[in-house]
Amino acid sequence: MSDGAFNSLMASVDSPLVVVTTTAEDEQAGCLVGFHSQSGISPEHYCLWLSKANHTYRVGLRATHFAVHFLAREDLAMAERFGTLSGEDTDKFAGLDVETDETGVPLIRACPNRMVLERIAVLDDGSDHVCVTTRVLSAQARGTFEPLLLSDAAHLDAGHASEERAIQP
C-alpha cells in the first residue's frame, strides 16, 4: 500500500476537530481529537478514537462518560491548549471556565456545542488509537457554526508523537 495515497485521501477529508474531556476517580483529562464520528441513528451512538500516547487515553480507560466539544474556527487557541500540552504534566483546565455535569465530566463553557456520552465499549485493534463507542446522553447546539478543521491546526505540534504510549502508573 502506498503511504502517500492514504495520506492524500485522509488530507482530502479534512475532519473537524473536537476536544474530548473525561474524568475518572477525580482525575480530569482532555485532548484534541480528529478521529470521531456518528455511528448510529436510532439509538444515537458516537465513536471517538483516543491516542494511546495521551494522558486522556489512560484516564479514559477508567472513565464511564465523556464530553465532545465541537470547535469553531475561532477556537484555535483551545485546540492548541488541548492538542499541544500533555496532561501528564499540565493542568489543561487551569484558567478555563469549566463546569461539571451530573456524570462528573468537565464541560468547557467556551465551547457550547457539545455532547455528553456514556461509554459502551472500547476497541483496541493494536493500532496507535483505541475506539470508544458511546451512547449519546445529551447534546447542546447553539446555532450553526463553521468548524475548526484539521487543516486549520496542521501547524500545531502534538504533545506526543503517535508512536509513544501513555505511561502506566
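The values are calculated or read from the model by the stated rules, or taken from the named source; none is laboratory data. Not measured: the values here are computed from a predicted model. When we count neighbours, we look across all protein chains shown, and the Cβ atoms used for this are built from the backbone with ideal geometry, even at glycine. For the accessible areas, the whole protein counts, side chains as well, though only heavy atoms, and no ligand, DNA or RNA atoms are used. Shrake-Rupley method; radii C 1.70, N 1.55, O 1.52, S 1.80 Å.
Quick notes
- Test set (1) open to solvent by 80 Å² or more (accessible area, probe 1.4 Å); (2) in contact (Cβ under 8 Å) with a residue 60 or more places away in the chain; (3) more than 18 Å from Ser37 (Cα to Cα) - Arg109 fails condition number: (2)
- Among the residues of the range 142-169, those identified as open to solvent by 80 Å² or more (accessible area, probe 1.4 Å), farther than 19 Å from Lys92 by Cβ and either among the charged types (D, E, K, R) or at pLDDT 95 or above (or both) are Arg142, Glu146, Glu163, Arg165.
- Residue satisfying all of: in the range 112-128; touching a Ser or Thr at 6+ places or on another chain (Cβ under 8 Å) and either more than 19 Å from Thr23 (Cα to Cα) or open to solvent by 50 Å² or more (accessible area, probe 1.4 Å) (or both); modelled with the lowest pLDDT among these: Asp128
- Check on Ser138, among the hydroxyl-bearing types (Ser, Thr, Tyr), free of Cβ contacts under 8 Å to residues at least 40 places away in the same chain and either open to solvent by 50 Å² or more (accessible area, probe 1.4 Å) or over 12 Å from Thr21 (Cα atoms) (or both): yes
- Summed over the range 59-77, the residues that are in a helix (DSSP H, G or I), crowded, with 22+ Cβ neighbours inside 10 Å and not acidic (Asp, Glu) give a count of 2.
- Subset of the range 86-97 that is surrounded by 13 or more Cβ atoms within 10 Å (Cβ to Cβ) and either hydroxyl-bearing (Ser, Thr, Tyr) or closer than 21 Å to Arg58 by Cα (or both) - its residue that is modelled with the lowest pLDDT: Gly87
- Cross-chain or 6+ apart pairs with Cβ under 6 Å, the range 50-61 first and on the phi > 0 side of the Ramachandran plot, then at pLDDT 95 or above and not in a helix (DSSP H, G or I): none
- Taken over the range 16-45, the criterion of being assigned to a strand (DSSP E or B), polar (S, T, N, Q) and within 20 Å of Val136 (Cβ to Cβ) is satisfied by Thr21, Thr22, Thr23, Ser37, Gln38, Ser39.
- Qualifying residue in the range 68-89 (condition: of a type in the set (Ser, Thr, Tyr) and over 14 Å from the mean Cα position of the chain (by Cα)): no
- Looking only at residues of the range 30-65 that are under 10 Å from the mean Cα position of the chain (by Cα) and among the small types (Gly, Ala, Ser), we find that the one that is modelled with the highest pLDDT is Gly30.
- Yes/no for Ser8 being open to solvent by 20 Å² or more (accessible area, probe 1.4 Å), over 16 Å from Cys111 (Cβ atoms), among the polar types (S, T, N, Q) and modelled with pLDDT of 90 or more: no
- Failed condition for Leu48, given (1) open to solvent by 20 Å² or more (accessible area, probe 1.4 Å); (2) touching a Cys at 6+ places or on another chain (Cβ under 8 Å); (3) assigned to a strand (DSSP E or B): (1)
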